[in-house]
Amino acid sequence: MDDIHHHLSLFEAVVMLRTPEEVANFLKDLCTPQELKAMQERWEVCQLLDNGKLSYRQISKQTGSSTTTIGRVSRFLNDEPYKGYRSVLDKIKKEKKDVQKNIKTVDSYGAIL
């Protein structure tokens, strides 16, 4: 198998995961603890960058990430064509808006307003 087929096989496996528990179990089997920690750290950096309230130095202090890692995450978040970070961030924001919208339409007794 060439690299493209290896990637597709992995991506297809990830797409088949349906719950956070399945994802967690798959990633725990697939990755070393250090690899998981690095991915979690990059995701936290991504969210903090998207929030836009902290400088690289503040993010570094909060997460323990190097400014090099923060710069790389920022580049992928803002400049690279893949838009993987952006896609997930946008989905999360949409889901939160939908939840907030639904909360506002139900009163304290559960009646729809």
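Throughout, read-outs are computed from the coordinates displayed, never taken from laboratory work. The structure displayed is predicted, hence computed values, not measured ones. Every residue, glycine as well, gets a Cβ built from its backbone with ideal geometry; the counts of neighbours run over all protein chains shown.
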Principal axis dimensions, largest first and in whole angstrom, of the chain by Cα: 55, 38, 28
- prompt: What are the ³J(HN,Hα) values, in whole Hz, obtained from phi via the Karplus relation 6.51 cos²θ - 1.76 cosθ + 1.60 with θ = phi - 60°, for each residue of the stretch 70-86 in sequence order, with x given for Gly and Pro?
  reply: 4, x, 5, 4, 4, 4, 5, 5, 10, 10, 6, x, 5, 6, x, 4, 4
- prompt: Of Lys61/Lys93; Lys28/Lys93; Lys53/Lys83; Lys53/Lys96; Lys37/Lys101; Lys53/Lys91, which pairs sit farther than 23 Å apart, going by alpha carbon to alpha carbon?
  reply: Lys61/Lys93; Lys28/Lys93; Lys37/Lys101
- request: Sort Met16, Met39 so the one with the fewest other Cβ atoms within 10 Å of its own Cβ comes first.
  value: Met16, Met39
